[in-house]
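A.B. asks: Following this message is one structure expressed as structure tokens.
Just so it is clear, none of the values below were taken in a lab; they were calculated from the coordinates. Just so we're clear, the structure is a prediction, and the values are computed from it rather than from any experiment. Backbone-built Cβ (ideal geometry, glycine too); neighbour counts: all protein chains shown.
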Amino acid sequence: MSRSRSGVVARVLLATGGAYFVTSSTLAAFCIVLFASGMSRVNAVALGTMLGFILYLCLILWVFSSRRPWQVLAIFVLVIASENCMIFVIGHGH
């Protein structure tokens with residue numbers, strides 16, 4: 001596989017998989033924060049899901065427009081780790 005093909009494959013995997021995991025952890029954290037702030041659970045999930053689609057699209061566009069996909073990968077890993085820690089701390093009582 002040539003270098004350009006492997007770069008395209010890496011970007012596609014990062015855009016689909018990485019953006020999915022970032023969006024799902026962001027969605028979970030956002031819904032927990034909305035529910036904890038007094039919004040009903042149904043409305044929090046509905047609003048979070050709608051915003052999740054927009055976030056997913058923006059993350060995919062960012063992966064393909066970035067000059068350094070490894071930097072995007074590092075940011076994805078940091079965001080996922082920090083949001084999962086936040087979910088554990090905030091959502092532990094629910």
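A.B. asks: Among GLY38, GLY48, GLY18, determine the one that fluctuates most according to a GNM of the chain built with springs between C-alpha atoms less than 10 Å apart.
C.D. replies: GLY38
A.B. asks: Count neighbours as other Cβ atoms within 10 Å of each site's Cβ, and list the trypsin sites (Lys or Arg not before Pro) in region 1-85 that are DSSP loop with at most 15 such neighbours.
C.D. replies: Hits after loop and neighbour filter: ARG67.
A.B. asks: Can you give the extra length, in nm with one decimal, that the chain gains between VAL8 and CYS58 once fully stretched, where that is 0.36 nm per residue apart less the Cα-Cα distance?
C.D. replies: Using 0.36 nm per residue and subtracting the Cα-Cα distance, I get 16.2 nm.
A.B. asks: I've got another one for you. What is the pair-distance distribution P(r) of the chain, computed from all Cα-Cα distances in 10 Å bins starting at 0, with each bin given as a whole percent?
C.D. replies: 17, 40, 27, 12, 3, 0
A.B. asks: LEU73 label point, 7 Å along Cα→Cβ, cut-off 14 Å on backbone N: hits in region 16-31?
C.D. replies: 16-19
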